[in-house]
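**Student:** Let me begin by handing over the structure; questions about it come next.
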Amino acid sequence: MNSAEYDVVILGLGPAGLQAAVHAARRKTSVLLLGSIRKSSLFTAHIENYFSLFNMSGEELLERGLEQAQRFGADILEENVISIEPVGQRFRVRTEGGTHIDTWSLILATGSKRNKLGVPGEKALLGKGVSYCVDCDGLFFRGVDVCVAGNESAAVDGALTLAKTAGQVHLVCQRLEAAEPLIKELQASPVIIHENRKITEIIGEKSVTAVLLDDNTTIQVEGVFIELGAKGILELALNLGIQLDDDMKYIQTNKQQETSVPGIFAAGDICGMPWQMAKAVGEGCVAGISATMWAKKQRRKYT
Ligand SMILES: Cc1cc2nc3c(=O)[nH]c(=O)nc-3n(C[C@H](O)[C@H](O)[C@H](O)COP(=O)(O)OP(=O)(O)OC[C@H]3O[C@@H](n4cnc5c(N)ncnc54)[C@H](O)[C@@H]3O)c2cc1C
């Protein structure tokens, strides 16, 4: 699929996204789910504290949830989203595979993982050259050399974005796992790729001056962008102007799971603690119903 239109698009194939899809698809709206069940926090969990379940693997639950959502008519695209922008009364979602999807309403259910490198210098130099958000901080590094750490679409997209404004951009990755179109774009770009390499230390006193790799080479850079895993939803949310909580950790929602941007809803771990399946499922249910009502209203009004 290169482009498509849906009433409701859900980012996240965890319990929040899957439950939202069940409720939305049963209400006769077209629903697309994006993400991967293998990337859900639940995938490696063993559930004993959910109503009526006392010994079930997360993997099995997710597989059953996926089948259920599909039976009710939801479509699945196992790709990560790398950008979202408002276009007229709708939102346009772009995936790592280059697909554009237009939708009346969006549900953000991408969990709460913010992966860290876990190397010396990372914590001490946070905000002094170390960043987890290319879209938020990239322009502070105009004309200077920077490095991006990560294997997936978020890292490749981040490196390509930085290449437009920064000096020399380095991408340090163990194995490139981004979608083919992004890898092709990367190979045609001026980004220097250090494959099969890991950052073992971020060096600097008052601010970042270099990174040390596992083959003992150093790269002189003033910025290090850590983009491990999928595109962080907070990054996508900040770009859309969605209000976060006071600590800037979670998306703020009301009881209908509405965010501060009309038409965008959120559910699950991304909305805050406790990180529990029961909460994710409850919020997913409400978000699915709310997003469907919004989509139907907008469709009636504008088509
Ligand atoms: C080891 C472990 C044990 C646990 N044990 C329990 C337990 O016993 N009981 C309990 O209730 N809870 C438990 N949990 C917590 C529970 O797994 C989470 O609360 C729950 O999975 C949150 O659901 P979610 O749908 O919000 O996010 P997740 O399940 O984390 O799903 C996130 C989804 O978002 C997708 N995604 C991310 N970024 C993007 C993007 N850019 N584009 C598209 N998709 C994207 C991912 O592919 C994934 O499908 C455990 C968690 C772990 C890690």
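**Student:** Quick one: in region 91-125, which of the residues that are among the acidic types (Asp, Glu) and more than 10 Å from the ligand (Cβ to nearest atom) is nearest to the chain's Cα centre (by Cα)?
**Tutor:** Looking at residues that are among the acidic types (Asp, Glu) and more than 10 Å from the ligand (Cβ to nearest atom), I get Asp102.
**Student:** Can you work out which of the residues in region 176-195 that are under 24 Å from the mean Cα position of the chain (by Cα) and assigned to a loop (DSSP other than H, G, I, E, B) is farthest from Thr95 (Cα to Cα)?
**Tutor:** In this case the residue turns out to be Val191.
**Student:** Identify all residues within region 94-137 that are of a type outside the set (Val, Ile, Thr), buried (at least 20 other Cβ atoms within 10 Å of the Cβ), at pLDDT 90 or above and not in a loop (DSSP other than H, G, I, E, B); write none if there are none.
**Tutor:** Result: Trp104, Ser105, Leu106, Leu108.
**Student:** Still on this structure, please answer the following. Out of the residues in region 61-90 that are within 13 Å of the ligand (Cβ to nearest atom) and within 11 Å of Ala21 (Cα to Cα), state the one that is surrounded by the most Cβ atoms within 10 Å (Cβ to Cβ).
**Tutor:** Ala69
**Student:** Next up: Output the residues belonging to region 257-303 that are touching a Phe, Trp or Tyr at 6+ places or on another chain (Cβ under 7 Å), in contact (Cβ under 8 Å) with a residue 24 or more places away in the chain and either within 12 Å of the ligand (Cβ to nearest atom) or polar (S, T, N, Q) (or both).
**Tutor:** Gln257, Thr259, Asp269, Ile270, Gly272, Met277, Ala278, Ala287, Ser290, Gln298
**Student:** Also: Is it true that some residue in region 70-79 is farther than 30 Å from Glu227 by Cβ and of a type in the set (A, V, I, L, M, F, W, C)?
**Tutor:** Yes, region 70-79 contains a residue that is farther than 30 Å from Glu227 by Cβ and of a type in the set (A, V, I, L, M, F, W, C).
**Student:** Out of Leu171, Leu213, Leu125, I need the residue that is without any contact (Cβ under 8 Å) to a residue 40 or more places away in the chain and of a type in the set (A, V, I, L, M). Which one?
**Tutor:** Of Leu171, Leu213, Leu125, the one residue that is without any contact (Cβ under 8 Å) to a residue 40 or more places away in the chain and of a type in the set (A, V, I, L, M) is Leu171.
**Student:** Tell me which residues, restricted to region 14-48, are modelled with pLDDT of 90 or more, surrounded by fewer than 18 Cβ atoms within 10 Å (Cβ to Cβ) and within 6 Å of the ligand (Cβ to nearest atom).
**Tutor:** Within region 14-48, Ser36 is the sole residue that qualifies.
**Student:** To continue, here is another question. Which of (1) within 16 Å of the ligand (Cβ to nearest atom); (2) at pLDDT 95 or above; (3) within 19 Å of Glu122 (Cα to Cα); (4) not hydrophobic (A, V, I, L, M, F, W, C) does Gln220 not meet, given it meets every other one?
**Tutor:** Single failed check for Gln220: (1).
**Student:** Let me ask something else. Of all the residues that make up region 152-169, how many are away from the ligand (no atom under 12 Å from the Cβ), of a type in the set (Ser, Thr, Tyr) and assigned to a helix (DSSP H, G or I)?
**Tutor:** Number satisfying all stated conditions: 1.
The values are calculated or read from the model by the stated rules, or taken from the named source; none is laboratory data. From a predicted model like this one, the values you see are computed outputs, not experimental measurements. FYI the Cβ positions are ideal-geometry reconstructions off the backbone, even for glycines, and counts take in every protein chain you see.
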